[in-house]
Amino acid sequence: MSRQKTTANIDEKQEAAIALTVSGKTQREVAVAIDVEEATVNLWQDDAVYIAALNTARMRHWEATQDKLREARLKAIDALLTAIDSEDEKISVNAAQALLRVALNAPTGPMTQAAVERMRLFDF
């Protein structure tokens, strides 16, 4: 029976490579920064454990970015709400139009215990 590797098997250079990749560095830039051959970084791209760790890091980065965007959207809406009361009609109308274009997605998710439990049964 083969022993399955976990993301705990990622070494320090691979961790650094993942962080640099998530930050937008190219494969060549990553290799130079962590002092390995570009071919080594390329080989890691075929390793399931490395790919899983990279995907996890990308998801965390995406979630952090989404949090920042939500905060910025709230500030933008507050600024528009202030601008809508401007005595300058052009500013007021532009703010009103911008507010009407804002698409606010309603929160989603089950709202009863039974619905949560049903969702968990089919959550892959």
Test Met59 against the stated conditions and say whether it is within 26 Å of the chain's Cα centre (by Cα), at pLDDT below 95, over 21 Å from Val22 (Cβ atoms) and of a type in the set (A, V, I, L, M). no
Can you pull out the residues in the stretch 26-47 that are surrounded by fewer than 16 Cβ atoms within 10 Å (Cβ to Cβ), part of a loop (DSSP other than H, G, I, E, B) and modelled with pLDDT of 95 or more? Thr26, Asp35, Glu37
Scan the stretch 76-85 and tell me whether some residue there is aliphatic (A, V, I, L, M), part of a loop (DSSP other than H, G, I, E, B) and at pLDDT below 95. yes
For residues that are charged (D, E, K, R) and on the phi < 0 side of the Ramachandran plot, scanning just the stretch 21-48, find the one that is farthest from the chain's Cα centre (by Cα). Glu37
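The values are calculated or read from the model by the stated rules, or taken from the named source; none is laboratory data. This is a predicted model, so every value here is computed, not measured. Reconstructed Cβ throughout: ideal geometry from the backbone, glycine too, with neighbour counts over all protein chains shown.
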